[in-house]
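Undergrad: Questions regarding the structure given below will be posed in turn.
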Amino acid sequence: MNSVLSSILSWDFVASGIRVTTPILLAALGALVAELAGTPNIALEGTMLFSAFVGVIISGFTQSLWLAVIGALLTGIVMSSILAYFSLKLKTDIIMAAIALNIFASGGTIYALYLLTGDKGSSASLKSLVLPNIDIPIIKNIPILGNILSGHHILTYVAIILVFLIQYMLYKTPLGLRIRSVGESPDAARSVGISVFKTQYTALIISGMLASLGGIFLSMGYVSWFARDMTSGRGFIALAAQALGGTSAYGVALGSLLFGFSEALSFSLQFLNIPYEVTQSMPFIITVGALAFYAWNKSRNKRNRDI
Amino acid sequence: MSEYVLEMRNIWKVYPNGVTANKGVNLKVKKGEIHALLGENGAGKSTLMKILFGFERPTEGEIYYNGELVNINSPYKAIELGIGMVHQHFMLVPSLTVVENVVLGMEPRKGLSIDLKKSIEFVENEMNKYGLPVPLKEKVKDISVGMKQRVEIIKTLVRGADLIILDEPTAVLTPQETVELFKALKNLTKAGKTVIFITHKLNEVKEIADRITVLRRGKTIGEAEVKNITEKDMSRMMVGRDVDIEIDKTPAKPGKIVLEAKNLEYTRFDGVKMLKGVNLKLREGEILGIAGVEGNGQTELVDIITGMDKPENGEIFIFGKNMKEADNPYEFRKIGMSFIPADRMLHGVSKEDTIEENLISDRFNRAPFSKKGVLKYNKITEFAKRMIKEFDIRTDGPKTAVKMLSGGNIQKVVVAREFTSNSKIIVADQPTRGIDIAAADFIRRRLVKERDNNVAVLLISSDLTELLEVSDRILVIYHGEFVAHFENIKEIDEQILGEYMLGIKKMSKEEMGDLI
C-alpha cells in the first residue's frame, strides 16, 4: 500500500497527470464553446487526429514549428467548416455529420500517411520537430513551487491561459453572450437580428481550433511522430469532461483534471502488482461512472418543464 | 403625407406547399392608434405580421411605411425601420438576466467586454421614460409572465420601435396583468407610438383598441372604428356567421365521486414544493374548473392525476381504486380516463404520423382496428373519415400527416380521439389554447355535452372567460394549494378569481367546504 501512495504522491505522478490532462482540457474547452452554441461538436476526436497528423507532416517536411502549428489550426478550421456546412447549411443531423468526420479522419490519416511515408502504422521515418517545454526563470529555482509551476509543456501553459480566456470570452464579451443565447433560444437571438448561422459557425471554428491544439500536443508534445488512431478516444473523453464540468470553463478544467489524473493513475499503477487489465480500464471505469452521474443528474433536472 | 403610418397593400402569401395564407390583404394603420387585428386562427393574421416583421417574404404586395415603399427582407431591416414585435411565445433567453436580454445584439462595449454599467443605465432610462419598470438583474426564468412581456416591450423600445406589434399579448396574462398591460399600451400611444394588437378576444378590443381590421380565411373582411361597432358585429365579421357567444347550459346533476386526490405533495428537482397537500373530489356529471396563474402547480397536478408522474406523498383514487400501483398513463386510460394534454405537439399527437393513425393511437390494439396483431386500415380509415366530418377537421384526408395541419385542427384530432374513447372521466388541460373561436366554441360545447352524459370533466384553463362559462365548480390554485372553491359560478367574475390567483385573498378550510 505504501508503494501505491508513494507512487501517487510523487512529482512524476503530478507531472504525468498534467501531461495527460493537457490535450483533454484543450479539446474539452472546444466542446464547451460548441455545446453552449447549441452545436455539440462530436467531431473533436477526428479534428484532433487530423491536426496531429497535419502538424507532424508539415513539421517533418518544412522543419518549421510555426508552419506546423498554423497548418494544424487550419486543419481544425477546415474540419469545423465541413461540419458547419453539413449541419448548419444542409441541415444534416450534426451528430451524424460528426461521426462521418471521425471515421473519415481515422481512415484518411492512415491513407495520407501511407502515401507520404510509405508506412501505414506511424510516421517514425519522418523526422519531425517537438514543441518545447518551458522553464520559467527564477520560479523554477524555488523549491516545490518551482516543480509545480515551471518546466511544463508550452501547450500546457497555453491551455491554462485558454481556460481563463474562454471563460472571459463566454461570459464577458458580446460574442459570448450571443453564443449562449443562440445555443439556448435561437429564435430569441434571431428576433433581435443576430445571425444564428454566423454565431454557431464561429463557435464551431473556435471549437475546432482548440481541438487542433489538443491534437498537436499528442503528436508533437512529447513525441515526434504520428501513429494511426493516436487520439484513442481523447476527443470523446473531452466531451465527457465538458459534460461533467458544466457550462463554465473552470468546471470543464476540473472535469478534465479528473480524467487526466485518473489516466495518469493507471500508468502509475502499472508498475505495481495490480493486473494490467485493471489499471488499463481505470480511466474508462471513471468515465462511465462520471457519465452515469451526469446523466442521472440531468434526467432529474429534466423533470422540470417550467424552465 | 398620408395619415397612415403603415399601409400593407394587396399582400399575398403562397407557401411552397401550396397553402395560401394571405389572399390580397390590405391593412392601414394610423399613427398613434391602437389597431386591433382580428381574426380566427388560420385567418392569416400571424402570417401578415411575420411579413411585416421580415420573418416571411410576401409573394406579392407592397408595404408603405411612413409613406415610403419599403422592402422588409429580415427582422433586422424591420428593426432598423422602427418596427418592433412582441411574439406570442416570448423571444427571451431564460438563463440570461433581464438586462442581458434587452441589450442582446446591441451590447454597449468597453474594450472587448460588455459594458454592464452602461447597459443598465441605458435600459433604466428607457423603462422610466415609458413607466415600465422591470427587475433588471433577475434572470428571465425567475420573473413572471407579465414581466417577461414587459421585457419584450422594452426590447422593442430600446431598438427605437415606433410601431409595435403584439401577437395575442393577453393570452398568457391574469386579469390584473392585462390591466397593467393596457395601461402601458396607452402610455405608449401617448408618447406617439403606434400599436398593432393581434387578438380574438372581443371584449379586449372594445376596451383598448381605436380601430380594427378583420381578417377571414386570408382576406380582409373590413375595417372599422371600434366605437361604431358592437361585439356581435365583430364576431360575425370574424366567423362569417352569427356565433352564440353564450353556451346554453342546464344546471349540473352531479352523481358519485369518481376521482379523488388525497393530500398530494410534489417537490420539483430544484427543491421547490409544487404541490403542498392538494385534495380534490370530482363527481360524475360535473365540470370542475381549475384556475391559477401558470406555474402554480397545475402541471404537476395534471401529471399526477393522469399517471404521467408519481406524487411524492398522497394518493389518487379512480372509481374508488387506489392508483398507487399503476405506473403508466395507459393504466389510467384503461380504467376509464381521457386526457387532453396542454402541449398537444408533445403529448397529444405524433406529428409525423397520419391523422387516422393518431385518431386510433389509444385503441389500435383493439377490434375493429386490429385483428390478430394486424392493423385493419380500411376500418381505421373509415373511422377517421367519420371523425373528420364530426369534428370538422380541415384536411385533405385521413392519410395526411398531422404536422401539416394548423394548430386548431391538430387539437381537433386530439379532441376527437379523447371524446370518443367512452371514458367516464375527461381531464382537459388548456383544451382551447391558441385555437380559433369556432373550434374553441365547439370543444367547450362538447365538454358540456359530455357532462350531460354523466361524464366527469376536470378542466384546467388559463382562459378565465372559458372557466366561468363552462365550469360548474371552480377551484383556484396558488403556490401549490387550493386557496378558493366556488360552487356558485354565477356569483363570481374574473376580478374575484384574479385576486385569489395572485394570492391577495385566501379562503379558510371551512369556507371551501367538504368537496375539497
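The values are calculated or read from the model by the stated rules, or taken from the named source; none is laboratory data. Worth saying up front: this structure is predicted, and the values here are computed from it rather than measured. For neighbour counting, all protein chains shown are included, and Cβ atoms are generated from backbone atoms with ideal geometry for every residue, glycine included. Ligands, DNA and RNA are excluded from the accessible area calculation, which covers all protein heavy atoms including side chains. Shrake-Rupley method; radii C 1.70, N 1.55, O 1.52, S 1.80 Å.
Undergrad: Indicate the residues belonging to region B:67-96 that lose 40 Å² or more of solvent-accessible heavy-atom surface (probe 1.4 Å) upon moving from the chain alone to the assembly of all protein chains, ignoring ligands and nucleic acids.
TA: For region B:67-96, once contacts with the other chains are taken into account, B:91, B:93, B:96 lose 40 Å² or more.
Undergrad: Scattering from the C-alpha atoms of region B:173-250 alone, worked out with Debye: what is log10 I(q)/I(0) at q = 0.16, 0.17, 0.27 1/Å?
TA: -0.70, -0.77, -1.32
Undergrad: For chain A, state what percent of all Cα-Cα pairs lands in each successive 10 Å bin, counting from 0 Å until the bin that includes the largest distance.
TA: 6, 25, 34, 24, 9, 2, 0
Undergrad: Residue B:508: net charge of surrounding residues, Cβ under 14 Å, Lys/Arg +1, Asp/Glu -1, itself excluded?
TA: -1
Undergrad: Turning to a different aspect of this structure: Rounding to the nearest 20 debye, state how big the charge dipole of the protein assembly as shown is about its Cα centre with +1 on each Lys and Arg Cβ and -1 on each Asp and Glu Cβ.
TA: Dipole about the Cα centre, nearest 20: 1300 debye.
Undergrad: Give, rounded to the nearest 20 debye, the magnitude of the charge dipole that chain B has about its Cα centre when Lys and Arg contribute +1 at Cβ and Asp and Glu contribute -1 at Cβ.
TA: Dipole about the Cα centre, nearest 20: 1260 debye.
Undergrad: Which value in Å is the Kirkwood Rh of chain B over different Cα pairs?
TA: Over chain B, the inverse of the mean reciprocal pair distance is 24.8 Å.
Undergrad: In Å², and per residue, what accessible area does the protein assembly as shown have when probed at 1.4 Å with the other protein chains present?
TA: On a per-residue basis, the protein assembly as shown sits at 45 Å².
Undergrad: Hey, another quick one. Among the residues of region A:153-182, which ones have their accessible area go down by 30 Å² or more when all the protein chains sit together, as opposed to their chain alone (1.4 Å probe)?
TA: A:168, A:172, A:174, A:177, A:178, A:180, A:181
Undergrad: Taking region B:342-422, how much of its Cα-Cα pair set, in percent, is spaced more than 14 angstrom apart?
TA: Beyond 14 Å sits 57 percent of the P(r) for region B:342-422.
Undergrad: Relative contact order for chain B: what percent, with Cα pairs under 8 Å and sequence separation of 6 or more?
TA: Reported relative contact order: 15 percent.
Undergrad: Each label point is 7 Å from the Cα along the Cα-to-Cβ direction; what then is the distance between the points at residue A:160 and residue B:492, in nm?
TA: 6.5 nm
Undergrad: Please report, as a whole percent, how much of the solvent-accessible surface of region A:2-300 comes from carbon and sulfur atoms (probe radius 1.4 Å).
TA: 70 percent
Undergrad: May I ask for the accessible area buried between chains A and B, both sides summed, probe 1.4 Å, to the nearest 100 Å²?
TA: So the total buried area for this chain pair works out to about 2500 Å².
Undergrad: Span-like helices, chain A: DSSP H, alpha-carbon axial extent 18 Å or more, mean Kyte-Doolittle -0.5 or greater, which ones?
TA: Qualifying helices: A:11-36, A:44-62, A:65-84, A:94-117, A:154-172, A:196-220, A:249-270, A:276-302.
Undergrad: D for region B:4-239, whole µm²/s, Stokes-Einstein with Kirkwood Rh over alpha-carbon pairs at 20 °C and 1.002 mPa s: what number?
TA: Calculated translational D: 117 µm²/s.
Undergrad: Also, quick follow-up: Where the convex hull is taken over the Cα atoms of region B:1-105, what is its projected area averaged over directions, in nm²?
TA: The number I arrive at for region B:1-105 is 8.1 nm².
Undergrad: Explain nothing, just the number: relative contact order of region A:202-304, from Cα pairs under 8 Å at least 6 residues apart, as a whole percent.
TA: Relative contact order, region A:202-304: 19 percent.
Undergrad: If you don't mind, there's one more thing I want to ask. Starting from the amide H of residue B:132, placed 1.01 Å from N in the peptide plane, find each other amide H under 5 Å away whose residue is 5 or more places distant or on another chain.
TA: Here nothing satisfies the definition.
Undergrad: Considering only chain B, what is the antiparallel percent among its DSSP beta bridges, to the nearest 5?
TA: 60 percent
Undergrad: Highest GNM mean-square fluctuation, chain A, Cα pairs closer than 10 Å: which of A:124, A:72, A:227?
TA: A:124
Undergrad: Å³ per residue of the Cα convex hull, for region A:128-172?
TA: Per residue, the Cα convex hull of region A:128-172 comes to 89 Å³.
Undergrad: Which lysines have a Cα lying under 16 Å from the Cα of residue B:376, excluding residues fewer than 8 positions away in the same chain?
TA: By straight Cα distance, residue B:376 reaches B:385, B:399.
Undergrad: Something else now. Rounded to the nearest 500, what is the 222 nm mean residue ellipticity of chain A from helices alone, with -39500 (n - 2.57) per DSSP H run of 4+ residues and division by all residues?
TA: Helix-only estimate at 222 nm: -24500 deg cm²/dmol.
Undergrad: Continuing with the same structure: Report for the protein assembly as shown the percent antiparallel among DSSP-assigned beta bridges with both residues inside it, nearest 5.
TA: If I count the DSSP bridges inside the protein assembly as shown, around 60 percent turn out antiparallel.
Undergrad: Treating only the Cβ atoms of Lys and Arg (+1) and Asp and Glu (-1) as charged, compute the dipole magnitude of chain A about its Cα centre; round to the nearest 20 debye.
TA: Value, rounded to 20: 700 debye.
Undergrad: Amide H neighbours of residue B:221 under 5 Å, at least 5 residues apart or on other chains, H built in the peptide plane: list them.
TA: Here B:214, B:215, B:216 satisfy the definition.
Undergrad: I've got another one for you. Could you compute how much accessible surface residue A:86 exposes when probed at 1.4 Å, giving the result in Å² to the nearest 10?
TA: 90 Å²
Undergrad: Using the eigenvalues of the Cα gyration tensor, what equivalent ellipsoid semi-axes result for the protein assembly as shown when each is taken as the square root of five times the eigenvalue, whole Å, largest first?
TA: Equivalent ellipsoid semi-axes, largest first: 56, 34, 27 Å.
Undergrad: Then there's this: Can you give the FRET efficiency to the nearest 0.05 for residue B:71 and residue B:379, using r as the Cβ-Cβ distance and R₀ = 51 Å?
TA: Given R0 = 51 Å and the Cβ-Cβ separation, E is 0.40.
Undergrad: Along the Cα-to-C-beta direction of residue B:334, a point sits 7 Å from the Cα; which residues of region B:278-308 have their amide N less than 17 Å from that point?
TA: Answer for region B:278-308: B:306-308.
Undergrad: At a 1.4 Å probe, what is the % contribution of carbon and sulfur to the accessible area of chain B?
TA: C and S fraction of accessible area: 49 percent.
Undergrad: Near residue B:310, which lysines are there with a Cα under 17 Å away, not counting those fewer than 8 places off in the same chain?
TA: Counting by Cα, and skipping residues close in sequence, residue B:310 has these lysines nearby: A:302, B:262, B:273, B:276, B:321, B:324.
Undergrad: Tell me what chain B gives for mean residue ellipticity at 222 nm when only DSSP H runs of n ≥ 4 count, each as -39,500 (n - 2.57), the sum divided by the residue total, rounded to 500 deg cm²/dmol.
TA: Roughly -9000 deg cm²/dmol at 222 nm, from the helical runs in chain B.
Undergrad: Could I ask something else about it? Find, to one decimal place in angstroms, the Kirkwood hydrodynamic radius of region A:172-271, where the mean of 1/r is taken over every pair of different Cα atoms and then inverted.
TA: 15.9 Å
Undergrad: How big is the Kirkwood radius of region B:220-369, worked out from every pair of different alpha carbons and given in Å to one decimal?
TA: Result for region B:220-369 stands at 19.1 Å.
Undergrad: Moving on to the next point. With contacts defined as alpha carbon pairs under 8 Å and 6 or more residues apart, what's the relative contact order of region B:342-422 in percent?
TA: 40 percent
Undergrad: Once ligands and nucleic acids are excluded and a 1.4 Å probe is used, how much of residue B:327 is accessible, expressed in Å² to the nearest 10?
TA: Only protein atoms counted, so the area is about 110 Å².
Undergrad: Could you list which residues have their amide H under 5 Å from that of residue B:194, counting only those 5 or more apart in sequence or on another chain, with H placed in the peptide plane?
TA: Residues meeting the criterion, in which the H sits 1.01 Å from N, are B:32, B:163, B:164.
Undergrad: Run through the DSSP bridge list for region B:4-239 and note the antiparallel percent, rounded to the nearest 5.
TA: Expressed as a percentage, antiparallel bridges in region B:4-239 total about 60.
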